[in-house]
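Participant: Before we start, here is the structure in question, set down as structure tokens.
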Amino acid sequence: MYTPTLFSLSAGPRPPPRRGGAAATPMAFVRAIMQVYAQRGVDPGAALQAAQIAPEQVNQEDARITAWQMEALCGAAMHELDDEALGWFERRLPWGSYGMLARASISAPHLGLALARWCRHHGLLTDAITLSLNEDGDRAAITIIEHRPLGLEGSLREFCLVSVLRNIHGLACWFVDSHLPLLATEFPFDAPTHAATYALLFPGQARFGAAQAAIYFDKNYLALPLARDEAALRQMLQRALPLTVRQYRHERLVSARVRQLLADEPTMLHGATLLAERLNLSPRTLHRRLQQEGSSLQQLKDEVRLGLAKQQLRHTSRPIKLVALAAGYANEKSFIRAFRGWTGLAPAQWRAQSRSGG
């Protein structure tokens, strides 16, 4: 199942690599895009051909297309119509609009601030809707308030609300490199004929006929540090459309909390018992959870130690012995051996290269 992402594809549309997969995307979303083509007097033939959708399929109520086809259609439409919002708002959003929001959010220290920035800055693109991030008890919510019809006379309302929520959820997962399970999703319209496909877009409970569109999730995720940087963002923006196609399958909340605890309290680097206690887990459960997430305590310790060491080497003139202690090593020799294994360089060599721009 797929709805288009809103990110800027800075390198232009590229043919998605795979054409298979289940045909689960409802034709209603294709018809929504066709509406925009018609309103702007543009022939959709090339876009339909690129997506391998026969024109006669578009009006078949029960027809479905694959994620690959939706990617291809949306990529072509965004470029041909020069509108990353695909007709939802009162004016077009030129190529790069949503990439700008992502760049404004990537420097945030944690997910909560990144999402708050995204919601706030979205108002600079359009005043047709307002996005907001709120906390209610142990839940966080991202809600959409509508200020005017979405699309011509509101004809694109479902397509817009579904896409905006799906995109910000996909972005949140990407920011922290973690599956972010939804507790509930709400929509301010009656259940459509293709309501069953919502379970693929928004795993969890979907409610229709609500006061406004919203997604709800555990507020503890807001404290997670971002796992991405500018370089990762540039790479992602080269081809962002598949971001909302591939759901994050692994729950990485424990990994992220362990990484944050290790970074905040280096004394935790010396064992698993105290760390497990802080997470209200047994050491055995901690190791099992990390293994299920494709990680390990040793791997996380090494990541944190390397980060601490690089920070010390780049920004201070401390002797290597003190850098080793700051990174959780009892002696200089073991630190040098580990650092060389991580980077291929001795700490002094790495320090010299980093300061010379090498």
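Participant: Among the residues of region 94-129, count how many are buried (at least 16 other Cβ atoms within 10 Å of the Cβ) and either hydroxyl-bearing (Ser, Thr, Tyr) or not assigned by TED's automatic domain parsing to the domain that holds PHE187 (or both).
Facilitator: So the answer is 4.
Participant: Is it the case that PHE89 is aromatic (Phe, Trp, Tyr) and touching a helix residue (DSSP H, G or I) at 6+ places or on another chain (Cβ under 7 Å)? Walk me through it before giving the result.
Facilitator: Working: aromatic (Phe, Trp, Tyr): yes; touching a helix residue (DSSP H, G or I) at 6+ places or on another chain (Cβ under 7 Å): no.
It is false that PHE89 is aromatic (Phe, Trp, Tyr) and touching a helix residue (DSSP H, G or I) at 6+ places or on another chain (Cβ under 7 Å).
Participant: Another question, if that's okay. In the set GLU186, GLU158, which member is closer than 11 Å to ILE215 by Cα, modelled with pLDDT of 95 or more and either surrounded by 17 or more Cβ atoms within 10 Å (Cβ to Cβ) or not polar (S, T, N, Q) (or both)? Working first, answer last.
Facilitator: Details: GLU158 fails: closer than 11 Å to ILE215 by Cα.
Going through GLU186, GLU158 in turn, the sole match is GLU186.
Participant: Turning to a different aspect of this structure: Yes or no: GLN69 surrounded by fewer than 21 Cβ atoms within 10 Å (Cβ to Cβ) and in contact with a helix residue (DSSP H, G or I) (Cβ under 9 Å, 6 or more places away or on another chain)? Write out each step before concluding.
Facilitator: Values: surrounded by fewer than 21 Cβ atoms within 10 Å (Cβ to Cβ): no; in contact with a helix residue (DSSP H, G or I) (Cβ under 9 Å, 6 or more places away or on another chain): yes.
When the stated conditions are applied, GLN69 does not pass them.
Matching residues to (1) in contact with a Ser or Thr (Cβ under 8 Å, 6 or more places away or on another chain); (2) under 22 Å from THR267 (Cβ atoms); (3) not basic (Lys, Arg):
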site: ARG314; (1), (2), (3): yes, no, no
site: ILE320; (1), (2), (3): no, yes, yes
site: ALA330; (1), (2), (3): no, yes, yes
site: TRP342; (1), (2), (3): no, yes, yes
site: GLN349; (1), (2), (3): no, no, yes
site: GLN353; (1), (2), (3): no, no, yes
site: SER356; (1), (2), (3): no, no, yes
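Participant: So, one more: Could you identify the single residue in ALA172, ALA206, ALA223 that is surrounded by fewer than 21 Cβ atoms within 10 Å (Cβ to Cβ) and either aromatic (Phe, Trp, Tyr) or touching a residue at least 60 places away in the same chain (Cβ under 8 Å) (or both)? Explain how you work it out, then say what you get.
Facilitator: Numbers: ALA172 fails: surrounded by fewer than 21 Cβ atoms within 10 Å (Cβ to Cβ); ALA206 fails: either aromatic (Phe, Trp, Tyr) or touching a residue at least 60 places away in the same chain (Cβ under 8 Å) (or both).
Answer to the selection: ALA223.
Participant: Sticking with this one: Could you give me the residue pairs with C-beta distances under 6 Å whose first residue belongs to region 114-129 and is touching a residue at least 24 places away in the same chain (Cβ under 8 Å) and assigned to a loop (DSSP other than H, G, I, E, B), whose second residue is crowded, with 18+ Cβ neighbours inside 10 Å and of a type in the set (Phe, Trp, Tyr) wherever it lies, and which are 6+ apart or on separate chains?
Facilitator: THR126/PHE89; ALA128/PHE89
Participant: Limited to region 323-342, what total is found for residues that are in contact (Cβ under 8 Å) with a residue 24 or more places away in the chain and part of a helix (DSSP H, G or I)?
Facilitator: Counting residues in region 323-342 that are in contact (Cβ under 8 Å) with a residue 24 or more places away in the chain and part of a helix (DSSP H, G or I) gives 6.
Participant: May I ask you to list pairs of residues, at least six apart or on different chains, whose Cβ atoms are under 7 Å apart, with the first in region 81-102 being of a type in the set (Lys, Arg) and the second being assigned to a loop (DSSP other than H, G, I, E, B) and crowded, with 19+ Cβ neighbours inside 10 Å?
Facilitator: Note: pairs meeting the criteria are ARG92/ASP83.
The values are calculated or read from the model by the stated rules, or taken from the named source; none is laboratory data. Just so it is clear, the model here is predicted, and its values are computed rather than measured. Quick reminder, even Gly has a Cβ in these numbers, built from the backbone with ideal geometry, and neighbours come from all protein chains shown.
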